[in-house]
1. ³J(HN,Hα) across region 301-315 via Karplus (A = 6.51, B = -1.76, C = 1.60, θ = phi - 60°), whole Hz, x for Gly/Pro?
2. In nanometres, what is the gap between the two model label sites at LYS219 and PHE340, each 7 Å from Cα along Cα-to-Cβ?
3. When only DSSP loop residues count, what trypsin sites (Lys or Arg not before Pro) in region 297-341 have their Cβ near at most 16 other Cβ atoms within 10 Å?
4. What ³J(HN,Hα) values, in whole Hz, does the Karplus curve 6.51 cos²θ - 1.76 cosθ + 1.60 give for region 226-236 when θ = phi - 60°, with x put for Gly and Pro?
5. Label region 107-340 by shape, choosing from rounded, prolate and oblate, from the square roots a ≥ b ≥ c of the eigenvalues of the Cα gyration tensor; if a/c is under 1.5 it is rounded, and otherwise prolate applies when a/b is larger than b/c, oblate when it is not.
6. Dipole of region 54-169, Cα-centred, from +1 at each Lys and Arg C-beta and -1 at each Asp and Glu C-beta, to the nearest 20 debye?
7. If I model a spin label at GLU68 and ALA11 as a point 7 Å from the Cα along the Cα→Cβ vector, what separation in nanometres do I get?
8. Could you tally the net charge around ALA185, taking each other residue with its Cβ under 15 Å from the Cβ of ALA185, Lys/Arg +1 and Asp/Glu -1?
Amino acid sequence: MDKALILSQVANALTTCSSLTALEKIKADFLGKKGVVTELLKQLGALSAAERPLAGQVINELKQAVLERIEACKETLEQAAVTAALQRDTIDVSLPGRNVALGSRHPICLATTKMVDFFKAAGFVVMEGPEIEDDYHNFTALNVPEYHPARAMHDTFYVNSPFDVKLLLRTHTSSVQIRTLETQAVPLRVITPGRVYRCDSDLTHTPMFHQLEGLVVDKTSTFADLKGLLLAFMQDFFNQSCEIRLRPSYFPFTEPSAEVDVRCVLCTGTGCRVCKQTGWLEVLGCGMVHPSVLAAAGIDTREYSGFAFGLGIDRFAMLSHQIPDLRMLFDNDVRFLRQFS
Ligand code: PHE
């Protein structure tokens, strides 16, 4: 047995050993069941009783020496692994932080929420209805029979219908008023925010836009309540010094009807491009619900009266943020949308 030779073999193997698995293999080669040193120990039995103690001592010293070298190598490898991990996972705390870009709510969403909050506080309930509507709820029940000229005022998108009824994309949310009258008992106060569709597209019109309508039916509903409510609403939405005026108008489903103007929120009335030098902006239609509409819903018109109003949410959003082109609201350009965060 050449102790020095075995130790140099171990040293050789260890210098090229670069992983813990390789080290395990080396350990097995020398100290394992069939390892070099183990084989030496097995041969002890063949020696004479006189030779055995010394030989045993020498082999055990060798075993100890091999084990020490292997352990030392193991420690070095483990240290190296820790250093490598530290280097790999290192973070440079002096780097500037990276911002997580938070989304923002769309201006139409912001305007809708503001309106809904106001009306909820005034005791209104939010109602929704289908965007694909039948001819009856969009027109007929609203006192607009077939061939009525008022149908031409709405550039309607018709939808191929598999049923007997004519289907269309609702041109206003007034259809939800009818659905409300059909299903809810009076007295009632509802608002109906939602998407509506008209075949129209320019600086101030898009084929899809948003409306919010309100309907109040009660024994004591008057035109004065309507005007007071609308003034309070405008002052809440635009500003406290907001002024409104009502002009006589026509809608088949309200009588009398009015168009509501607000003192131009951009020039405060002195005249500008947006109000076309008139100092006023037309923002809303309203009126007392036509008795035929109430009667068709089975409401006793001697006891109950109602008022309704409808506005374009997009137009309100445009005015409050001074957005020059309605179509910008639907381009979804993030540079535009980020301004509302
Ligand atoms: N539905 C009307 C429109 O879209 C607005 C309106 C609603 C007018 C309620 C009066 C009362 O043009």
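Taken together, the values in this text are just the output of simple stated rules run on the coordinates, not laboratory data. In this text, all values refer to a predicted model and were calculated from it rather than measured experimentally. Cβ coordinates were reconstructed from backbone atoms using ideal geometry, including for glycine residues, and neighbour counts include every protein chain displayed.
1. Values per residue, Gly and Pro as x: 7, 7, 9, 10, 9, x, 10, 9, 8, x, 9, x, 4, 4, 5 Hz.
2. Distance between the two pseudo-spin positions: 4.3 nm.
3. On the way: sites: ARG302, ARG315, ARG327, ARG335, ARG338; in loops: ARG302, ARG327.
When the trypsin sites (Lys or Arg not before Pro) of region 297-341 are filtered for loop state and at most 16 Cβ neighbours within 10 Å, ARG302, ARG327 remain.
4. Going residue by residue, I get 4, 5, x, 5, 5, 5, 4, 5, 4, 5, 5 Hz, with x marking Gly and Pro.
5. Details: a/c = 1.70, a/b = 1.24, b/c = 1.37.
Oblate is the answer for region 107-340, as a/c is 1.5 or above yet b/c matches or exceeds a/b.
6. Values: 10 positive and 16 negative charges, 79 e Å.
Dipole size: approximately 380 debye.
7. In this crude label model, GLU68 to ALA11 measures out at 1.3 nm.
8. Working: positive: ARG179, ARG189, LYS219; negative: GLU182, ASP218, ASP300, GLU303.
Summing Lys/Arg as +1 and Asp/Glu as -1 gives -1.
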